[in-house]
Every structure is written in structure tokens, then in C-alpha cells.
Amino acid sequence: MRGKAWFTLLLSLLFLFPVFPLGTSGSAFADTKQKVYDFAGLLTDKEKKELEALAGKYGAERKTDLIILTTDDTQGKDIVKYMQDFYDEKALGYDRPHGNCAILTVDMKNREVYLAGFYEAEKYLDEGRLDRIREKITPDLKRGNYFDAFRSYIETSHRYMGIRPGVDPDNILFNVWFQLLASCAVGGIVVGVMAYNSGGRVTVNERTYQDTEKSRVLRKTDHYIRTSVSKRRKPSNNNRSRGGGGGGVTGGGHSHSGSRGSF
């Protein structure tokens with residue numbers, strides 16, 4: 001009986017104090033709860049909280065971590081390598097360690113910005129779409145409006161990830177206001193047609209009083225005057241921020257899309 005009592009006590013202790021192996025993916029998932037890593041000190045505490053909440057909300061809708069990373073010391077690394085190592089070390093990812101993730105990295109020392117997308121974000125935020133996001137936020141980065149730039153990055157990334165790859169995400173057809181106006185226009189046309197038809201059909205037309213025996217076309221002539229072609233040079237856009245770059249693969253073997261520029 002005494003042996004059974006000890007065995008029962010041991011089982012109870014095991015249930016009360018479950019054992020977790022150290023260094024498992026649980027600690028990695030805890031790291032992904034944080035979305036804003038402002039090592040350069042560009043944001044106030046209030047701004048950080050707002051961005052954390054926004055990134056958490058929109059990231060959950062797309063099942064993708066939306067990360068903001070700022071620094072004034074890349075430890076001698078290129079901004080791309082710095083971002084890659086950060087992703088590997090933190091095991092970032094919404095769905096799993098090293099999973100779906102988009103990262104905006106800002107290097108204040110060299111005034112550079114780099115955007116990257118991993119896994120699902122690599123597919124939905126390809127180089128072309130990341131270029132567009134970077135161009136949207138660069139003016140705010142230049143003016144020092146970091147909060148506005150970071151908020152725009154989160155909101156635009158969320159919107160782009162809701163549009164299937166290969167489609168222009170800035171097409172007017174995807175604009176909510178355009179969709180509302182188009183719906184109103186279609187509704188107005190339908191109501192107008194119904195109202196027109198409800199008044200009865202008009203049977204009198206242009207042929208009602210026409211004498212087809214005596215009416216005919218007497219003469220028809222065409223006069224060709226001239227054809228002119230004008231050419232003009234397409235204006236170049238000198239306001240585009242210098243950039244480009246592209247994706248790559250981290251030291252841990254994780255592929256990503258990318259867009260790089262200066263501000």
C-alpha cells in the first residue's frame with residue numbers, strides 16, 4: 001500500500017508541475033508577440049503601443065507578422081544581412097517559428113530602408129509590391145514622420161496581402177470608394193430603366209411620318225483633308241527614391257522578397 005501511495009503522489013506532482021524542455025519553439029513564439037523593435041528610439045511609448053495594436057490586428061487577419069525594426073548600429077553589417085540575421089535569431093513568424101512575416105528595417109546611420117517578405121508574405125508582397133510600399137513611405141521617412149511611415153507600411157501591406165498575386169494592387173477597381181460609386185451608378189441605371197419602361201412603350205418614331213416613296217438621299221460626298229501626327233517626350237519621374245535591390249536567402253536558409261532604398 002505504501003508503494004502505491006508514493007506512486008500516486010509522484011503522478012500528482014507530474015500533473016501539477018509539467019516539464020517543458022528548454023530551448024523549444026515555445027520561447028520563439030513568445031518573441032513574435034512583439035512587433036515593434038525600435039532600437040533607434042524613433043517612437044514614443046504611445047506610438048509604439050498604437051503600432052503594436054495595429055500590427056497585431058492586421059497581422060492576425062492575414063496570418064502574417066508585420067514587424068518594424070529600427071537601428072542606428074547594424075554592427076558593421078549591411079542592412080539586408082542585419083535584417084536576415086534578426087529574422088533567424090528571433091525565429092519570427094505568425095504561423096510558426098521562421099514563418100509568415102513581413103519586416104520593415106530602417107537603418108538611421110546610413111539612412112537606408114529595406115522591406116522583406118517571408119513565406120506567404122514573399123508571395124503576396126513580391127519585389128514589385130514592396131517597391132510600391134517603400135515609395136509610399138519614403139517621403140514621411142525623409143521628413144522624420146516615422147510613425148506615419150510605419151502606420152502606412154502596416155496598412156498598405158495588409159491591403160496588398162488581400163489581393164491575389166499577379167494583380168495590380170493599386171488598380172482603381174480595388175478602391176472602396178470606386179466600388180461604392182460603381183454600385184450606386186449601376187443601381188441608378190437599373191432604377192432608371194425600370195421607371196422608363198413603366199410609362200408604356202412609345203410607338204411613334206422617325207419613320208412614322210416619312211414618305212419612303214419620295215424621300216431618298218440625293219448625294220453623298222467625303223472630303224479627305226489631311227492626317228497629322230505629333231510626338232512629345234515622356235516626362236521622367238525624378239522624384240522616385242533611389243532603390244531597388246531584391247530578395248535573398250538568410251543564413252538559416254529562409255527565402256524572402258525585398259526592396260531597398262535610401263531616404
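The values are calculated or read from the model by the stated rules, or taken from the named source; none is laboratory data. Keep in mind the model is a prediction, meaning the values are calculated, not measured. Counting neighbours? That spans all protein chains shown, and the Cβs are built from the backbone with ideal geometry, glycine included. All accessible areas refer to the heavy atoms of the entire protein, side chains included, with ligands and DNA or RNA removed. Shrake-Rupley method; radii C 1.70, N 1.55, O 1.52, S 1.80 Å.
Checking Lys90, Lys63 one by one, the residue that is in contact (Cβ under 8 Å) with a residue 24 or more places away in the chain, basic (Lys, Arg) and farther than 13 Å from Tyr119 by Cβ is Lys90 and no other. Can Ala149 be described as under 14 Å from Ile67 (Cβ atoms) and either at pLDDT 95 or above or in contact with a Gly (Cβ under 6 Å, 6 or more places away or on another chain) (or both)? Considered against the rule, which asks whether it is under 14 Å from Ile67 (Cβ atoms) and either at pLDDT 95 or above or in contact with a Gly (Cβ under 6 Å, 6 or more places away or on another chain) (or both), Ala149 comes out as no. I'm told Tyr124 meets every condition in (1) open to solvent by less than 10 Å² (accessible area, probe 1.4 Å); (2) within 20 Å of the chain's Cα centre (by Cα) except one. Can you identify the failing condition by its number? Every listed condition holds for Tyr124 apart from (1).
When the helices (runs of 4 or more DSSP H) confined to the range 1-104 are screened for residues that are modelled with pLDDT under 95 and touching a Pro at 6+ places or on another chain (Cβ under 9 Å), those reaching at least 2 such residues are found at 25-31. The set of residues in the range 132-153 that are within 11 Å of the chain's Cα centre (by Cα) and open to solvent by less than 50 Å² (accessible area, probe 1.4 Å) comprises Ile133, Arg134, Ser152, Tyr153. When we screen Ala116, Ala149 for residues that are under 26 Å from Thr44 (Cα atoms) and in contact with a His (Cβ under 8 Å, 6 or more places away or on another chain), the only hit is Ala116. Taking Val113, is it under 28 Å from Ile163 (Cβ atoms), modelled with pLDDT of 95 or more and open to solvent by less than 10 Å² (accessible area, probe 1.4 Å)? The answer is yes for Val113.
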